[in-house]
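Chemist: Let me give you the structure first, and then I'll get to my questions.
The values are calculated or read from the model by the stated rules, or taken from the named source; none is laboratory data. It should be emphasised that the depicted structure is a prediction, and the values quoted were computed from it without experimental measurement. Note: ideal-geometry Cβ built from the backbone for every residue, glycine included; neighbour counts use all protein chains shown.
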Amino acid sequence: MLLVMPLFGGVVIYNWSTRFDNLLIAKVNGELTIAHQYLAGLKERALENVQALGASAAFLHALQADRLPMLMESQRQIYGFDFLYYITPEGQIIPASGGAAPSAPTRWPVVQNALAGMGSTEIDIFNTADLAEISPALAERAALPLVPTKAALPTSRTRETRGMVVHTAAAVSAGEGTLVAGVLLNRNLEFIDTINALVYPEASLTEGSRGTTTLFLEDVRVSTNVRLFENVRALGTRVSVEVRAAVLDEGRTWLDRAFVVNDWYISAYEPLIDSFGKRVGMLYVGFLDSPYRAAKAQTLWLIIGGFFFLLALSVPLFLLIARGVFRPLEDMVKTISKVEAGDLSARTGLVDSHNEVSLVSAHLDSVLAQVQERDQRLREWADELEDRVEARTQELREANQRLEVTTKQLVVSEKLAAIGEITASVAHEINNPVAVIQGNVDVIYETLGAQAAPLITEFTLVIEQVHRINTLVNKLLQFARPEEFAGNVGAHSPNDVIDDTLPLVQHLLSKVNIALKQTLASSQDVAINRTELQQVLINLIVNAIQAMPEGGTLNIATRDEPSGVLISLTDTGVGMAPEVLEHIFDPFFTTKKAEGTGLGLSISQKLVSRSGGKLWAESTLGHGTTFFILLEAADVTA
């Protein structure tokens, strides 16, 4: 009780505490999703409003009547844009009444996309000059003094003058120009308070906690409801260095506790990307951590206190009840220990107290008497039985060894017989029509005479493929009777053989979008029949392609080894389990069901072994497979 129960209680408390923390992280993650969706909706609505304005009859009429600035000004106020301007097909910029436009607006990808006919909305960063060109008031609104912030990255800057803008541009169907609009998010408190109200409605947090939402330009708060003091928002304060490194530098979403201005919050940060694809800011939601920590600590202390209170009450009670059972049981244990030591005459001798323990004691004495009696008989039987078992075991061991040898020989014999039948059938059924094709091609070539010259490439290709069929049939015969079909062994560069092989499988690589990488670093020639090495490579490449049905990467490499040249083919496919890997070179073993014969790898291994080489594979399920071919270096002095 004193050892196991506290350990069990500790495990339970730890598990509960972990789940409690995970629940808070899951909660703030969901709140970040709501804030993200609201920002995305704001961008979508801005694009829809600009597109609707550009497609309206009023826009076309105002454009024709030279009253476009006034129309854009009214629509800017209705839609809540901070600026709105029109770029004519000739490149002239027409701003809304009372406003202006930045110089060279086409430097932003948003505007470039709109000029190409694709409207979009992105978050862009405008510098002070850009904002001042549009409106000095915008530049003044964007400027924020930087407030020294605990845990932030040290900086020499004292002000943030850039502006974060929801930048929208869309092609105009009426007039074939481009409308560009923007909403400045710096000091946009209505925007940030709306998000906060959506994420943290009333009574959504525990008592004493508060929800906060912030928009960062890089690591500076440009719009927030976090309070620096009672009624002063923490504009110009900066994010902690840990969060900056994770979100802005690494591009990760932060879901954890974080120090926010002057307190700890359960926080969620995600990076904001501008139209150039750069991380330019962050969106943050979070709630005060201390009320949850206090509630968690209070609950933990209640659990621990209650646990030890019950433990203090129960242990003495259990000991009192168990004392009447422990002592008789201890006597029985001593008796059993004597019996275990070899004293079969030992007895408990407990007085019959008419309870379960005394009843068990009487039965134990009776059993011990029977055990003593039977022990002698068992010893006699055991000696005789041991001799018989040993003799019988030896007979069974010898019979089992003979059975295993016979079974293996039978399996090999059956497979070899099947191979012989298949080989004879294939040779008979394929060689005859191939010979007819070869003969007729020769007749056609001779008949055409000089007229065959323009088709010499086609004739050559047909003849080569016929020879290839003959070679494939010959290789199948080599599997069945390798001693009768020893090929010509020569010195060949494995790099050249690989280069000649890849065009034969290039169409298969292209079908499934497989990237091919080559690292051909060997400098030695190898001693093997060139056609046989090419056949082995084709078989391994096709297997790799079939292992990557959704695409991937195939890496072919060669390098010199002390004993020759090592060729490796590595794919990023589905991989193989260990129980499959140990059988892949067995004849007729296949994982392709009706699509494979199970002979490819077996034949490849025989071809490599016959040349004095070695073929093996390494694979991890779900991470891909590597086949290795180790070939002997050719004797260049021979």
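Chemist: Among the residues in the stretch 281-298, are any in contact with an Asp or Glu (Cβ under 6 Å, 6 or more places away or on another chain) and of a type in the set (A, V, I, L, M, F, W, C)?
Modeler: Yes, there is a match, as at least one residue in the stretch 281-298 is in contact with an Asp or Glu (Cβ under 6 Å, 6 or more places away or on another chain) and of a type in the set (A, V, I, L, M, F, W, C).
Chemist: Could you list, in sequence order, the residues of the stretch 176-218 that are over 21 Å from residue 40 (Cα atoms) and of a type outside the set (S, T, N, Q)?
Modeler: 176, 177, 202, 203, 205, 207, 208, 210
Chemist: Of 533, 520, 509, 516, which residue is more than 25 Å from residue 622 (Cα to Cα) and within 31 Å of the chain's Cα centre (by Cα)?
Modeler: Values: 533 fails: within 31 Å of the chain's Cα centre (by Cα); 509 fails: more than 25 Å from residue 622 (Cα to Cα); 516 fails: more than 25 Å from residue 622 (Cα to Cα).
So the residue among 533, 520, 509, 516 that is more than 25 Å from residue 622 (Cα to Cα) and within 31 Å of the chain's Cα centre (by Cα) is 520.
Chemist: Pick from 401, 409, 394: which is within 48 Å of the chain's Cα centre (by Cα), among the polar types (S, T, N, Q) and at pLDDT 80 or above? Working first, answer last.
Modeler: Working: 409 fails: at pLDDT 80 or above; 394 fails: within 48 Å of the chain's Cα centre (by Cα).
Only one candidate qualifies: 401.
Chemist: Just checking, how many residues over the stretch 38-91 are of a type outside the set (Phe, Trp, Tyr) and under 50 Å from the mean Cα position of the chain (by Cα)?
Modeler: Count: 31.
Let's see how each residue does on (1) touching a Ser or Thr at 6+ places or on another chain (Cβ under 8 Å); (2) not acidic (Asp, Glu); (3) not assigned by TED's automatic domain parsing to the domain that holds residue 277:
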{"position": "72", "(1), (2), (3)": "yes, yes, no"}
{"position": "90", "(1), (2), (3)": "no, no, no"}
{"position": "95", "(1), (2), (3)": "no, yes, no"}
{"position": "115", "(1), (2), (3)": "yes, yes, no"}
{"position": "124", "(1), (2), (3)": "yes, no, no"}
{"position": "128", "(1), (2), (3)": "yes, yes, no"}
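Chemist: Please specify each residue of the stretch 323-350 satisfying the condition of being closer than 17 Å to residue 361 by Cβ and among the small types (Gly, Ala, Ser).
Modeler: The answer is 324, 337, 345, 346, 349.
Chemist: Whether any residue in the stretch 572-592 is closer than 18 Å to residue 501 by Cα and surrounded by fewer than 18 Cβ atoms within 10 Å (Cβ to Cβ) is what I want to check.
Modeler: Within the stretch 572-592, the subset closer than 18 Å to residue 501 by Cα is none.
No, the stretch 572-592 contains no residue that is closer than 18 Å to residue 501 by Cα and surrounded by fewer than 18 Cβ atoms within 10 Å (Cβ to Cβ).
Chemist: Let me confirm something: among 281, 277, which residue is modelled with pLDDT of 80 or more, within 59 Å of the chain's Cα centre (by Cα), loosely packed, with under 11 Cβ neighbours inside 10 Å and of a type outside the set (S, T, N, Q)? Break it down stepwise before answering.
Modeler: Values: 281 fails: loosely packed, with under 11 Cβ neighbours inside 10 Å.
Of the residues listed, the single one that is modelled with pLDDT of 80 or more, within 59 Å of the chain's Cα centre (by Cα), loosely packed, with under 11 Cβ neighbours inside 10 Å and of a type outside the set (S, T, N, Q) is 277.
Chemist: For residues in the stretch 318-377 being among the small types (Gly, Ala, Ser) and assigned to a helix (DSSP H, G or I), which is modelled with the lowest pLDDT?
Modeler: Only one residue fits best here, namely 324.
Chemist: Of the conditions (1) within 19 Å of residue 153 (Cα to Cα); (2) part of a strand (DSSP E or B), residue 255 satisfies every one except a single condition; which number is it?
Modeler: So residue 255 meets the others, but not (1).
Chemist: Looking at this structure, is residue 560 in contact with a strand residue (DSSP E or B) (Cβ under 9 Å, 6 or more places away or on another chain), closer than 30 Å to residue 633 by Cα and not polar (S, T, N, Q)?
Modeler: Yes: the conditions hold for residue 560.
Chemist: Which residue out of 122, 48, 44 is closer than 30 Å to residue 211 by Cβ and without any contact (Cβ under 8 Å) to a residue 12 or more places away in the chain?
Modeler: When all the criteria are applied, what remains is 48.
Chemist: Got a sec? Which of 81, 59 is closer than 24 Å to residue 190 by Cα and buried (at least 18 other Cβ atoms within 10 Å of the Cβ)?
Modeler: 81
Chemist: Which residues, taken from the stretch 239-278, are out of contact with any helix residue (DSSP H, G or I) (no Cβ under 8 Å at 6 or more places or on another chain) and not hydrophobic (A, V, I, L, M, F, W, C)?
Modeler: Within the stretch 239-278, 240, 242, 244, 249, 250, 251, 257, 262, 265, 274, 277, 278 meet the criteria.
Chemist: Condition first: surrounded by 11 or more Cβ atoms within 10 Å (Cβ to Cβ) and under 30 Å from residue 379 (Cα atoms). Now tell me which residues in the stretch 312-332 satisfy that.
Modeler: 329, 331, 332, listed by residue number.
Chemist: Under 9 Å between Cβ atoms, at least 6 apart or on separate chains: pull out the pairs that start in the stretch 262-279 with a residue that is under 29 Å from residue 182 (Cβ atoms) and end on any residue that is in a loop (DSSP other than H, G, I, E, B) and of a type in the set (S, T, N, Q).
Modeler: Correct list of pairs: 268/253; 269/253; 270/253; 271/253.
Chemist: Return the pair list, or none, for Cβ contacts closer than 8 Å from residues in the stretch 287-311 that are closer than 17 Å to residue 24 by Cα to residues that are surrounded by 14 or more Cβ atoms within 10 Å (Cβ to Cβ) and basic (Lys, Arg), at least 6 apart or on different chains.
Modeler: Matching pairs, first to second residue: 287/210; 288/210; 289/257.
Chemist: Among the listed residues 194, 158, 168, 213, identify the single one that is assigned by TED's automatic domain parsing to the domain that holds residue 99 and closer than 19 Å to residue 145 by Cα.
Modeler: Values: 194 fails: closer than 19 Å to residue 145 by Cα; 168 fails: closer than 19 Å to residue 145 by Cα; 213 fails: closer than 19 Å to residue 145 by Cα.
Going through 194, 158, 168, 213 in turn, the sole match is 158.
Chemist: Need at least 2 residues that are small (Gly, Ala, Ser) and out of contact with any His (no Cβ under 7 Å at 6 or more places or on another chain) per element, so show me which helices (runs of 4 or more DSSP H) inside the stretch 18-115 make the cut, counting only ones lying wholly within it.
Modeler: It comes to 57-64.
Chemist: Got a number for residues in the stretch 612-629 being surrounded by 20 or more Cβ atoms within 10 Å (Cβ to Cβ) and farther than 13 Å from residue 570 by Cα?
Modeler: Step one: list which residues in the stretch 612-629 are surrounded by 20 or more Cβ atoms within 10 Å (Cβ to Cβ), which gives 613, 615, 619, 624-625, 627, 629.
Checking the rest, the ones that are also farther than 13 Å from residue 570 by Cα come to 613, 615.
Count: 2.
Chemist: What are the residues in the stretch 257-291 that are in contact with a Phe, Trp or Tyr (Cβ under 9 Å, 6 or more places away or on another chain) and among the small types (Gly, Ala, Ser), if any?
Modeler: 258, 267, 268, 275, 281, 286, 290
Chemist: If you check residue 243 against the conditions, is it assigned by TED's automatic domain parsing to the domain that holds residue 120, out of contact with any Cys (no Cβ under 6 Å at 6 or more places or on another chain) and outside any loop (DSSP other than H, G, I, E, B)?
Modeler: Details: assigned by TED's automatic domain parsing to the domain that holds residue 120: yes; out of contact with any Cys (no Cβ under 6 Å at 6 or more places or on another chain): yes; outside any loop (DSSP other than H, G, I, E, B): yes.
The answer is yes for residue 243.
Chemist: Starting from residues that are assigned to a helix (DSSP H, G or I) and hydroxyl-bearing (Ser, Thr, Tyr), keep the ones in the stretch 278-317 and report whichever is farthest from residue 250 (Cα to Cα).
Modeler: For the stretch 278-317, the residue satisfying everything is 314.
Chemist: Related question: Which fully enclosed strands (runs of 3 or more DSSP E) of the stretch 502-620 have 3 or more residues being not aliphatic (A, V, I, L, M)?
Modeler: Because the criterion is at least 3 residues that are not aliphatic (A, V, I, L, M), the strands (runs of 3 or more DSSP E) in the stretch 502-620 that meet it are 514-520, 552-561, 564-571, 614-620.
Chemist: For the structure I just gave you, tell me whether residue 104 is of a type in the set (Gly, Ala, Ser) and either loosely packed, with under 12 Cβ neighbours inside 10 Å or within 30 Å of residue 302 (Cβ to Cβ) (or both).
Modeler: For residue 104, the condition - of a type in the set (Gly, Ala, Ser) and either loosely packed, with under 12 Cβ neighbours inside 10 Å or within 30 Å of residue 302 (Cβ to Cβ) (or both) - is met.
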